[in-house]
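Participant: Below are the structure tokens for one structure; questions will follow.
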Amino acid sequence: MTDKPILTTTGGAPVPSNDTSKTAGPRGPVLLEDYQLIEKLAHQNRERIPERVVHAKGWGAQGIFKVTHDISKYSCAKIFSKVGNSCDVLSRWSTVAGESGAADTERDVRGFSLKFYTEDGNWDMVGNNTPIFFVRDAYKFPDFIRTQKRHPKTNLRSPEAMFDFWAAQPESVHQVTILMSDRGIPTNPMHMNGYGSHTFSMWNADGERFWVKFHFKTQQGHKHYTNAEAEALIGKTRESYQEDLFNAIDRGDFPKWTMFIQVMPEAEAGQQSYNPFDLTKVWPHEDYPLIEVGEVEMNKNPENYFQMIENAAYSPSNVVPGIGYSPDKMLQARVWSYADAHRYRLGTHYEALPANAPHAANVQHYHKDGPMRFFTNDFGNADAYYEPNQYGGPVADPSVMEPPLKIDADAFRYPQEVTDEDFVQARELYLNVLEEDEKERMYENYAAAMGPCSKDVKERWYAVLERVHPDYAAGVRAANDRLDTDVNAVPITDDTQIEAAE
Ligand code: NDP
Ligand code: HEM
């Protein structure tokens, strides 16, 4: 008898051997009745789930959110009702384009997801480390992602496709500028900000609505790698984010972020030169200053990465009373898209998995069976399985109704014309935020990224940069001209693109 725990079957029966197949004679063959062998191999075959269609490579942690400032005049969400309130949080940071085995320090936008397990239910902030995005209509999201993923013929990433697309969607220049700046390669998730990016809404106990932007500022300070530093690091380890994050939390250096909101009274939308629901625009701090709300501290490494991080299902649809959506067209599409992805990636009852089940709220709904219905929500009364019923089953609560939003407009596919307004904020960033040395590095980063592109695509992108500022276009052109294109190991040539199109 051993003092170690006994290995069992999935049915709980003790297993006699975990080394030797049951065979007819010492040299085989194997008997079909060795069910434990079949079970072991069959389970291995099912150990993978589809990776996320975007943001596949990620790193996460568990932690806590504490409210440090009173914003109850903007939101009636219970979490904000009192300074000192707190709730559990699950974070997941990610790169957008790379597969689940991609190197951590590639130049890319980083996903920044937080799940707040509040007493009103789960509130998910599914943002990025940038306050804006490349496109502003959901029709263009799958196309944009195509250009970030692999070319169908070469099975390689295609800079030609990326810059071809961006040049045809000039409103992307604001986000591309951030991507090519120092912030394009943070040293790890602890050294970057998070932004809700979209405009969301809040409403207070009096039913007043405010438009809101969410900001999470790193308390560790911003740190970035240059292209050369990142390349050298990838040569040594592809997993530096996971190593940095896991080790920091393991030794008690818990990363923290300060949460802020920007607030616009409902009636003020429309008074700006820009559309406040356009995801390619920020709200300037001078007009809408940051209002401090609280602090996020990530202080626990999950016991099982797959269980808590791979199984995490973040969705902008997860809001709680007092926090709402906005008319932002991209946000509207995202509100639908994520739960659909989760049902495909994780299964019907993904919300009941430990990563996704609320910690501080009861789940009481009438959705029923299906694969992996491993939980009960029968409210202690098996007769209450439809609604309305005479058995005291759960009923809706009109008091959490969002105030009505006036929409008086013609249904139409409104053209997304690119105007001078689309270059104003990128110009602000270029002229007033980026230091001279960062601009120089940005030009070089562009050259490294655009090196393999055709002359035609390069010229089209310079024309976009010209609309931001002539110096910007000139800087990027000069860096490209300096670059010896031979250094690009696998150029995607014009021929490849033309062949692929045939
Ligand atoms: P501010 O001077 O008040 O703010 C500048 C902002 O730029 C800060 O939030 C700063 O973040 C951020 N920043 C600094 N370096 C970079 C970089 N390389 N990439 C991206 N962001 C950076 O100015 P405004 O609010 O008037 O905005 C001016 C421009 O700054 C905008 O057009 C926009 O491009 C950019 N920006 C604005 C934000 C906003 O919400 N208003 C947010 C982020 C960028 P930090 O404080 O963390 O250093
Ligand atoms: C992940 C769709 C825009 C941030 C995903 C996933 C889908 C998706 C299907 C995978 C979800 C999963 O399998 O769990 C879309 C669509 C968009 C859009 C349709 C536009 C219409 C954006 C924008 C942001 C963003 C604008 C940031 C502001 C993220 C993040 C993840 C993600 C952070 C990873 C979530 C995680 O950590 O699990 N997106 N997305 N997406 N998206 Fe989007």
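Any read-out appearing in this document is the output of simple, stated calculations on the displayed coordinates, not a laboratory observation. Quick caveat, the model's predicted, so the values are computed rather than measured. Virtual Cβ from ideal backbone geometry, glycine too; neighbours counted across all protein chains shown.
Participant: Need one word for segment 1-47: rounded, prolate or oblate. Basis is the Cα gyration tensor (sqrt eigenvalues a ≥ b ≥ c); a/c below 1.5 gives rounded, then a/b vs b/c decides.
Facilitator: Values: a/c = 2.36, a/b = 1.25, b/c = 1.89.
Note, shape of segment 1-47 comes out oblate.
Participant: Rounded, prolate or oblate: pick one for segment 301-425, where a ≥ b ≥ c are the square roots of the eigenvalues of its C-alpha gyration tensor, a/c under 1.5 means rounded, and failing that, prolate if a/b is larger than b/c, else oblate. Don't skip to the answer; put the middle values down first.
Facilitator: On the way: a/c = 2.51, a/b = 1.49, b/c = 1.68.
Oblate, because a/c is 1.5 or more while a/b does not exceed b/c.
Participant: Another question about this same structure. So how far apart, in nm, are the two label points at residue 366 and residue 220 if each is 7 Å from Cα heading toward Cβ?
Facilitator: 4.7 nm
Participant: What are the ³J(HN,Hα) couplings of segment 53-61, residue after residue, when phi is run through the Karplus curve with 6.51, -1.76, 1.60 and θ = phi - 60°? Round to Hz, x for glycine and proline.
Facilitator: 5, 9, 6, 6, 8, x, 9, x, 7
Participant: Collect residues whose amide H, placed 1.01 Å from N in the peptide plane, falls under 5 Å from the amide H of residue 95; neighbours closer than 5 in sequence don't count.
Facilitator: Excluding prolines and chain starts, which carry no amide H, the hits are 57, 111.
Participant: Where does the chain land at 222 nm, in deg cm²/dmol rounded to the nearest 500, when only DSSP H runs of n ≥ 4 count, each adding -39500 (n - 2.57), divided by all residues? The partial results should precede the final answer.
Facilitator: Working: 12 runs with 133 residues, N = 502.
Counting only the DSSP helices, I get -8000 deg cm²/dmol.
Participant: I would also like to ask the following. Quote the relative contact order of the chain in percent (integer), defining contacts as alpha-carbon pairs under 8 Å separated by 6+ residues.
Facilitator: Values: 856 pairs, mean separation 84.7, N = 502.
With pairs under 8 Å counted, the relative contact order is 17 percent.
Participant: Rounded to the nearest 20 Debye, what is the dipole magnitude of the chain about its Cα centre when Lys and Arg each give +1 and Asp and Glu each give -1 at the C-beta? Intermediate values should be presented prior to the final figure.
Facilitator: On the way: 51 positive and 74 negative charges, 234 e Å.
With Lys and Arg at +1 and Asp and Glu at -1, about 1120 debye.
Participant: Something else now. Evaluate the relative contact order of segment 1-47 (contact order divided by residue number), counting alpha-carbon pairs under 8 angstrom at least 6 apart; express in whole percent. Please list the in-between numbers first.
Facilitator: Working: 20 pairs, mean separation 9.5, N = 47.
Relative contact order, segment 1-47: 20 percent.
Participant: Amide H neighbours of residue 193 under 5 Å, at least 5 residues apart or on other chains, H built in the peptide plane: list them.
Facilitator: Result for residue 193 returns 218.
Participant: How big is the Cα convex hull of the chain in projection, averaged over all directions, in nm²? Present the calculation step by step, with values, prior to reporting the outcome.
Facilitator: Values: hull surface 128.7 nm².
Mean projected area of the Cα convex hull: 32.2 nm².
Participant: Assigning unit charges at the beta carbon (Lys, Arg +1; Asp, Glu -1) and nothing else, what dipole magnitude in debye, to the nearest 20, does segment 1-138 show about its Cα centre?
Facilitator: Dipole about the Cα centre, nearest 20: 260 debye.
Participant: Something else: Compute, for segment 293-415, the length of the dipole vector about the Cα centre, with Cβ point charges of +1 (Lys, Arg) and -1 (Asp, Glu) only. Units Debye, rounded to 20. Display every interim value, and only then the final one.
Facilitator: Numbers: 9 positive and 15 negative charges, 74 e Å.
Charge dipole, segment 293-415, about its Cα centre: 360 debye, nearest 20.
Participant: If you don't mind, another one. Sticking with the crude label model, points 7 Å out along Cα→Cβ, report the distance from residue 419 to residue 45 in nm, one decimal please.
Facilitator: 5.9 nm
Participant: Continuing with this model, one more query. Given points 7 Å out from each Cα along the Cα-Cβ axis, report the residue 35 to residue 439 separation in nanometres with one decimal.
Facilitator: Result: 7.3 nm between the two label points.
Participant: Going by how many other Cβ atoms sit within 10 Å of their own, how do 156, 41 line up, fewest first?
Facilitator: Working: 156 14, 41 9.
Neighbour counts put them in this order, fewest first: 41, 156.
Participant: For segment 78-168, what's the relative contact order in percent, using C-alpha pairs closer than 8 Å and at least 6 residues apart?
Facilitator: Working: 103 pairs, mean separation 18.7, N = 91.
After rounding, I find 20 percent.
Participant: Same structure again: Taking neighbour counts of Cβ atoms within 10 Å as a proxy for exposure, in what order, fewest first, do 287, 244 appear? Mind dumping the intermediate values first?
Facilitator: Working: 287 12, 244 19.
If I rank by nearby Cβ atoms, fewest first, I get 287, 244.
Participant: On to the next question. What is the fewest-to-most order of 336, 283, 257 by other Cβ atoms lying within 10 Å of their Cβ? Let's see the in-between values first.
Facilitator: Working: 336 12, 283 20, 257 25.
By the 10 Å Cβ count, ascending, the order reads 336, 283, 257.
Participant: Need one word for segment 126-255: rounded, prolate or oblate. Basis is the Cα gyration tensor (sqrt eigenvalues a ≥ b ≥ c); a/c below 1.5 gives rounded, then a/b vs b/c decides.
Facilitator: On the way: a/c = 2.28, a/b = 1.06, b/c = 2.14.
Oblate.
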